[in-house]
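Heads up, the thing below is written out as C-alpha cells.
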Amino acid sequence: MTSQKSYFNIKFALDSLRRSWPTAVLFTLILFFSMPVALLISVQNVDMQYVFTDVCIFLIVGIARCFTFVMAVFAGVVCFRHMHNRVSAYYYHSLPISREAHYIHMLTTGMTCYTAALLINTLLSQIILIGNYKLDAAYSAMLWQGSLQNLLFFALFFVITMLAGSLCGTSIVQLIIALVILYITPLMCASLVLLMTRYMRYMTYASDYFSIELAEKLSPGIRVITSIEEETICLGTAENLLYLFFTVIIAIAGIAIFRYRKAERANMPFIFPRFGSVVKYTVMVPITILSGIFFGSLMTESSFFWTVFGYVCGALLTFMAVNAVTQKNARAMFRNFKGFLIYACCAAAVIITVGFDLFSLNSFIPGTHNLTSVTMEANNMVPITFTDEAGMESLCLLGRAVQEYDESDTEYYSSADTYFQIEENSFYIGSSRHDTIKLTFDQKFGPTVIKRYSVDADAMTAIEAQLKAVTDTESFADAYLAKLHDSHSEIRSLDMWIEYFGGSSYQDYWRDLTEEDVIRDYNSLIDAFKASRSSIGWDYFQSPRVGTVSIYSANEEMDYRSCRYPVYLGDRTLSRLVDSLTESPRLDLPYSELFDSLYVINVENGKYVKLTEESEYAAVLEAFAGEGISVFTKTDDKYRILAVRGVNPDDLYKRGYSESEVTVAVKESGTYYQNSYQVLASKLPAFVINELE
Amino acid sequence: MGTININGVSKTFGDVKSLSFVTSEIKQGSIYGMIGSNGSGKSTLLRIMSGIFKPDTGEVLYSGMPVWENNTIKNQIVYISDEAYFHPHSTIEDMSGFLSRIYTNYDKTLCSRLCDDFSLDARRRINTFSKGMQKQASVILALSCRPTYLLCDETFDGLDPVMRQLVKGLIAADVAERGLTPVIASHNLRELEDICDHIGLLHKGGILFERDIDDLKLNIHKIQAVFGTQNSEEILSGLSIVTCNKRGSLYTIVARGNERELTKHLNRLNPTFLEMIPLSLEEIFISEMEDRGYDFSKIVL
C-alpha cells in the first residue's frame with residue numbers, strides 16, 4: 001500500500017486562517033492608515049489634479065511599501081511560532097497532515113492575511129480616487145500596479161522569513177536568519193570591497209567595485225528601499241519575474257527543508273546544528289572587517305594598532321553576541337572558543353594576504369586576449385572606450401607604465417615596504433594636486449578590473465610616451481567622438497551649455513536663443529569636431545583648457561547620451577559658443593589686462609605677498625607658463641589671492657611631490673575670478689618664496 | 001486494522017542515545033503497557049510511533065504501512081502527549097471543531113457526551129482548566145477522534161482516582177467495542193496493572209522484557225507453607241525457585257510453574273499449612289527482573 005499524501009487541506013487552511021485574524025486585522029489597520037487615510041489627507045492639500053495624482057499615489061504606495069518588510073517578517077514569525085514550541089510542534093506533527101501541507105498552510109495563512117488587508121485598502125483608495133477625480137484608468141492602473149508590487153515584495157520577504165523559520169527553532173533566531181539571508185550578501189560584498197580598497201593602492205575607490213546599484217541587485221531588501229527612494233511604483237518586468245522566480249524557489253526550498261526538519265529540535269536555536277556555525281561565522285566576517293576599518297580610521301592617520309584592535313574586537317564581540325543570542329544563554333558566550341581561534345587565524349591570513357597583496361591583485365592588469373573593452377577616464381576628459389586590440393593594448397601598456405613608474409619612485413615608496421607604511425604616507429595625497437587616470441578592464445572571463453592611478457607631473461612626464469600612444473591612435477579619435485549623436489537630424493531632445501571658467505554660462509548661453517539656434521550650435525559643434533578629428537591627439541590636449549561643454553541629447557530611439565567635452569585655449573571648435581559668452585574673461589587678452597591685483601599666500605603660515613607691479617605679475621606668472629591659466633571661477637573679494645601650499649621645496653620633496661597647488665584670484669571689471677594650478681615650487685620667484693617663508 | 005510492528009528502531013539526540021534497536025510487535029486489540037523509568041525512552045518511542053520523530057534507523061509499521069508522513073495511518077492514530085496542547089484561548093468545542101476537520105472519524109456527539117460524563121464545560125476556555133481537567137479534555141478529544149490506535153504518554157498522571165478509573169473504563173470499552181489498540185506509557189506499574197494485557201519494560205533505550213500479563217501470572221506463583229521436619233534443600237528440590245524466604249517455620253516461596261503441579265509437588269511433603277497467594281504485577285516484575293539479574297527497583301520507581 002502506498003501512503004496517501006495531500007499537499008493541501010482546505011479545512012485545515014481555513015481553520016489556520018480563522019485563528020490568524022488578529023494578524024489580518026493588524027495588517028489591515030497599518031495599511032488603512034498608510035493608504036486610504038494618507039490619500040484622503042493628501043487630497044485636501046492639492047489643487048492640481050495631474051500633479052496630485054502621481055505624487056499621492058506614489059505616496060501611499062511608498063508608505064505601504066515601507067511597512068512591507070516589517071509586516072512580512074512579522075507574519076513569518078507569527079505563522080511559524082507554533083513550530084518553535086516543542087509541545088505544539090509535537091502536537092501538529094502528530095496530526096494526519098503532511099509536513100509539506102503544513103508548511104503550505106502556513107504560507108497561505110500569511111499571504112492571505114496580507115493580501116486581504118492590501119485588497120481592502122487598495123479598494124478604499126480606489127474609491128477615494130474615483131470620489132475626487134472620477135475614474136481615470138491610468139491612475140487606477142498605477143495604484144493597482146503599486147499594490148501588486150508591494151504584494152510581490154511581501155511574498156518574497158515572507159517566504160524568506162518562513163525559510164529562516166524552517167532552519168531554526170526560536171523566533172529570535174528566525175528573525176536574525178531572515179535578516180542575514182536578506183542582507184548578508186551586499187554586506188559581505190561591501191565589506192570585502194572595503195577591505196580590498198583599503199589595502200590596494202590602485203583600487204582605492206570602493207565605489208568602483210560596490211555601488212548601490214550592485215547592492216540592490218544583490219538584495220531585494222535594499223531594492224525595496226531604493227524603489228521607495230526613486231519613487232518607483234512598479235519595477236521592470238524582468239526584475240519582477242526574477243523576484244517571482246526567487247519567491248517560488250525559496251518557498252519550495254522552505255517546504256523541502258521543513259520536510260526534513262527534526263521536530264525534536266523545536267525550541268533549539270538551529271535545526272541543523274552546523275548551520276548555526278555557518279550563520280555565526282558569516283555574520284562575523286563583515287563585522288570583523290567593518291570594525292577594523294572603523295577603529296583604524298578613527299585616527300587622522302591610519303593606525304596599525306587600532307586597526308588590528310578593531311578586527312579583534314569586532315570578531316570577538318560578534319562571536320560572543322551571536323553565541324549568547326542563539327544559545328539563549330549569556331554563559332554560552334565563549335562556547336566553542338576553539339572555533340573562534342581557527343576563525344581568527346583564517347581572518348588574519350586573509351587580511352595579511354590582501355594587505356601585502358600576496359596574489360598581486362593590486363598590480364594585475366588582464367592580458368589583451370581576455371579583454372572585451374578597456375575604458376580610460378582621466379581628469380576633464382570624455383571617457384574613452386577601446387574595443388580594438390591595439391587600443392586595448394595601448395591602455396594596458398599605459399597602466400603598466402604608471403605602475404612601473406610608481407615602483408621606481410623610490411623617494412615615496414622606498415621606505416614603504418609594507419601596506420601600513422604606504423597608508424601613513426598616503427595621508428598626504430589629499431593635500432597635493434594629482435591627476436587621476438582610471439582604467440576599466442572588461443574581461444571576457446572574470447570580473448571587471450578597475451584601476452585608478454594618481455599621477456603627478458613627474459609621473460605624467462614619465463608616462464608621456466604611453467599616453468601619446470593612446471591619444472594618437474585612430475580609435476582614440478573615434479572613441480572621443482563616439483559619445484555624440486552623428487547628426488542633429490536624429491536628435492529628439494537637446495540640452496547644451498558651456499561652463500566657462502568665468503562661471504557657468506548656462507543662462508547667458510540660452511538668453512535670446514531659439515531652439516533652432518541651439519540645433520545650429522550643436523551642428524556647428526559636430527561639424528567642428530568632425531573637421532578637427534584628424535587633429536585630435538596628444539598635441540590637441542596639450543593646450544590649456546578654458547571650459548567645458550555639456551551636452552545632453554536623445555534620438556528618436558530614446559537613446560540618451562550625456563557627455564562633457566573640455567574646451568581648450570585656442571580651440572575654435574566652439575567659437576560660436578565662446579563668442580556668445582560675453583561676460584566671460586577674454587582669454588585672448590594679455591594677462592596684465594586681466595588682473596587688478598594679485599596675492600600670493602602661504603596657507604601654512606598665513607604670510608602673503610601682494611603683487612601690484614606689472615613686472616611682479618610677469619615674474620610670478622612666468623612660473624605658470626605652460627601650465628595653463630585656465631580655470632577661473634567667480635568668487636568674492638576675500639579670495640583675491642594666489643595661494644601656495646607648501647612652498648618649502650624640502651617639505652614637498654619629503655612628501656614625494658615636486659609641485660604644489662596654487663590658487664590665483666584675479667579681478668576683472670569688478671568681478672573676481674579664482675583659479676587653481678599645479679606649479680613647480682622651485683619655479684616661483686625668489687622674492688615670493690622669501691616673503692612667504 | 002492490524003498489528004503495530006516496531007522494527008529495529010533507534011534514535012539519538014545529540015550525544016544521547018534514547019532508543020537502541022527496539023523491536024516489538026503489538027497486536028490489534030491488545031492494551032499494551034509500556035513501562036520504564038524517566039529517560040528510558042518511552043516518550044521517544046511513542047513519538048516515533050505517532051510519526052512525530054523520524055527514527056535514525058528502523059521503522060514503525062501499522063498493518064505493514066510505515067507511519068512516517070503517512071496521513072492514512074496517522075488518521076487512525078491519536079497521540080496524547082504528557083504535556084497537553086490546545087490552541088491558545090480555545091475551548092473544548094473549538095478544539096473539537098478543529099479536530100473534526102482533521103480526523104475523518106471524528107465524533108462530535110461523542111465529544112459532547114464525554115464532556116458531560118467528565119462534567120467539563122465544553123465552552124469554557126481550556127487554559128482556565130486545572131491540570132487534571134486539561135488531561136481529561138485531551139482524553140475526551142482523543143477518544144472522540146475514534147482512533148484505531150491510541151498512544152498515551154503518562155496520561156493517568158494528574159488524574160484523580162475516580163477520573164483515572166473512568167478513563168480506563170472508556171479505553172477498555174473502546175477496545176471491546178471497536179478493537180482499539182491503546183499503547184499506554186507510564187513509569188508507574190501499578191497504574192497499568194488493571195488495564196493492560198501486555199507489558200513491555202523499557203530500560204536505557206531498549207526493551208528489557210515483554211510479556212503477556214496472563215502468561216506472566218500463570219507461570220509464577222507465591223506460596224506460603226509450613227513443613228514438618230524436612231530441611232530446606234529437601235523442600236525446594238525439584239522446584240524452579242525464584243525467591244525463597246523462611247521466617248521461623250513459615251516458608252514464602254516464589255516459584256515458576258503450573259499452579260497445579262506446584263501444589264502437587266509440595267503436598268507430597270505433607271505441609272501443615274499451604275496457601276497460594278496471588279502475585280501483584282509489580283512482584284511478578286521484580287521476580288522476573290531479578291531472575292534476569294536486574295534490580296527492578298532501580299529500573300522502575
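Quick look at the values:
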| item | result |
| --- | --- |
| Search result, residues across segment A:223-239 that are in a helix (DSSP H, G or I) and in contact with a helix residue (DSSP H, G or I) (Cβ under 6 Å, 6 or more places away or on another chain) | A:Arg223, A:Val224, A:Thr226, A:Ile228 |
| Residues of segment B:74-83 satisfying the condition of being more than 7 Å from chain A (Cβ to nearest Cβ) and not in a loop (DSSP other than H, G, I, E, B) | B:Ile77, B:Val78, B:Ile80 |
| Helices (runs of 4 or more DSSP H) lying entirely in segment A:337-435 (those with 3 or more residues that are surrounded by 17 or more Cβ atoms within 10 Å (Cβ to Cβ) and at pLDDT 85 or above) | A:337-355, A:389-408 |
| Qualifying residue in segment A:92-110 (condition: small (Gly, Ala, Ser), within 14 Å of another protein chain (Cβ to nearest Cβ) and part of a helix (DSSP H, G or I)) | yes |
| Test: residue in segment B:54-61 that is aliphatic (A, V, I, L, M) and more than 10 Å from chain A (Cβ to nearest Cβ) | yes |
| Number of the exception - A:Thr368 against (1) within 30 Å of A:Phe476 (Cβ to Cβ); (2) of a type in the set (Val, Ile, Thr); (3) in contact (Cβ under 8 Å) with a residue 60 or more places away in the chain | (3) |
| Of all residues making up segment B:128-174, the number that are at pLDDT below 90 and touching an Asp or Glu at 6+ places or on another chain (Cβ under 6 Å) | 2 |
| Those residues of segment B:101-110 which are more than 28 Å from the chain's Cα centre (by Cα) and within 11 Å of chain A (Cβ to nearest Cβ), in sequence order | B:Arg101 |
| Qualifying positions in segment A:227-263 - within 14 Å of another protein chain (Cβ to nearest Cβ) and free of Cβ contacts under 8 Å to residues at least 60 places away in the same chain | A:Ala256, A:Tyr260, A:Lys262 |
| Options A:Met496, A:Met460: the member that is touching a helix residue (DSSP H, G or I) at 6+ places or on another chain (Cβ under 8 Å), modelled with pLDDT of 65 or more and part of a strand (DSSP E or B) | A:Met496 |
| Strands (runs of 3 or more DSSP E) within segment B:192-257 that include 2 or more residues farther than 18 Å from B:Ile26 by Cα | B:220-226, B:240-247, B:250-256 |
| Condition check for B:Lys27: within 11 Å of chain A (Cβ to nearest Cβ) and either in contact (Cβ under 8 Å) with a residue 12 or more places away in the chain or closer than 19 Å to B:Cys196 by Cβ (or both) | no |
| Checklist (1) surrounded by 22 or more Cβ atoms within 10 Å (Cβ to Cβ); (2) without any contact (Cβ under 8 Å) to a residue 60 or more places away in the chain applied to B:Glu83, failing item | (1) |
| Every residue from segment B:181-232 that is crowded, with 20+ Cβ neighbours inside 10 Å and free of Cβ contacts under 8 Å to residues at least 40 places away in the same chain | B:Glu191 |
| Candidate set from segment A:136-157 (those that are touching a helix residue (DSSP H, G or I) at 6+ places or on another chain (Cβ under 8 Å) and free of Cβ contacts under 8 Å to residues at least 40 places away in the same chain); member that is farthest from A:Ser34 (Cα to Cα) | A:Ser140 |
| Residues located in segment A:264-307, provided they are surrounded by 15 or more Cβ atoms within 10 Å (Cβ to Cβ), within 14 Å of chain B (Cβ to nearest Cβ) and part of a helix (DSSP H, G or I) | A:Glu264, A:Arg265, A:Gly276 |
| Answer residue from segment A:178-211, given it is among the polar types (S, T, N, Q) and touching a Leu at 6+ places or on another chain (Cβ under 9 Å) and is farthest from A:Cys396 (Cα to Cα) among those | A:Thr185 |
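Residues are listed down the side, and each one gets a yes or a no for (1) under 30 Å from A:Phe441 (Cα atoms); (2) of a type in the set (Val, Ile, Thr):
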position	(1), (2)
A:Thr318	no, yes
A:Ala330	no, no
A:Asn336	no, no
A:Ile342	no, yes
A:Leu358	yes, no
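The values are calculated or read from the model by the stated rules, or taken from the named source; none is laboratory data. Being a predicted model, the structure only gives us computed values, none of them experimental. Don't worry about glycine lacking a Cβ; one is built from the backbone with ideal geometry, like all the others, and counts go over all protein chains shown.
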